[in-house]
Amino acid sequence: MTITLQIDPPFQQNIDAKRLQELAQDALEHCQRPDAEMTIVITTDEAIQALNRQYRGVDAPTDVLSFAEASPADDFALPEQPSPWLGDVIISAPGAARQAQTMGHTLFEEIQLLSVHGILHLLGYEHLTPAEKEIMWRKQAEILRLNNLSHVQPTEK
């Protein structure tokens with residue numbers, strides 16, 4: 001399992017990189033993907049807004065973006081085992097700070113929540129319908145509970 005962290009310098013002092021990697025590993029193991037490889041990036045509102053504009057057509061910052069590995073076209077044979085490369089989770093530290101203040105927990109706790117949320121998106125979980133949201137929020141809560149973060153609740157959007 002390889003989890004690469006890229007934390008922009010202004011945010012490095014607020015992030016326990018070792019603990020964040022452990023959380024990501026726990027999330028992947030809980031979802032039965034112990035072979036997975038991925039990157040978590042902690043960056044600025046401006047950087048995430050540029051990505052949001054480029055890839056989603058939304059010219060605004062957001063809290064977290066997940067870029068899953070592109071799936072092969074339907075006419076290609078699929079490998080028996082999924083690729084170990086899952087993709088990238090990009091988190092806005094300023095956005096996380098705003099949400100943490102609103103929800104009454106620390107910046108690092110919010111970063112951990114957003115990391116789990118992003119990882120679940122990489123694994124194919126969605127929350128577009130109430131049924132999907134229920135499944136994803138349950139899985140998210142399980143992972144947070146395993147990491148003594150059951151008090152950290154997501155903001156409702």
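The values are calculated or read from the model by the stated rules, or taken from the named source; none is laboratory data. Keep in mind that what you see is a predicted model, and the values were worked out from it rather than measured. When we count neighbours, we look across all protein chains shown, and the Cβ atoms used for this are built from the backbone with ideal geometry, even at glycine.
List of remarks:
- Counted residues, region 23-66 - those being of a type in the set (A, V, I, L, M, F, W, C), crowded, with 18+ Cβ neighbours inside 10 Å and either at pLDDT 95 or above or under 13 Å from the mean Cα position of the chain (by Cα) (or both): 12
- Beta carbons closer than 6 Å, at least 6 apart along the sequence or on distinct chains, pair a first residue in region 21-50 that is in contact (Cβ under 8 Å) with a residue 60 or more places away in the chain with a second that is of a type in the set (Phe, Trp, Tyr) for Ile42/Phe11.
- Across region 97-151, the qualifying residues are those that are among the β-branched types (Val, Ile, Thr) and closer than 17 Å to Gln21 by Cα, and the one among them that is surrounded by the fewest Cβ atoms within 10 Å (Cβ to Cβ) is Ile143.
- Scope region 119-157; condition assigned to a loop (DSSP other than H, G, I, E, B) and among the aliphatic types (A, V, I, L, M); matching residues: Leu123, Leu128, Leu149, Val152
- Only a single criterion out of (1) under 12 Å from the mean Cα position of the chain (by Cα); (2) at positive phi; (3) not aliphatic (A, V, I, L, M) is not satisfied by Tyr125, namely (2).
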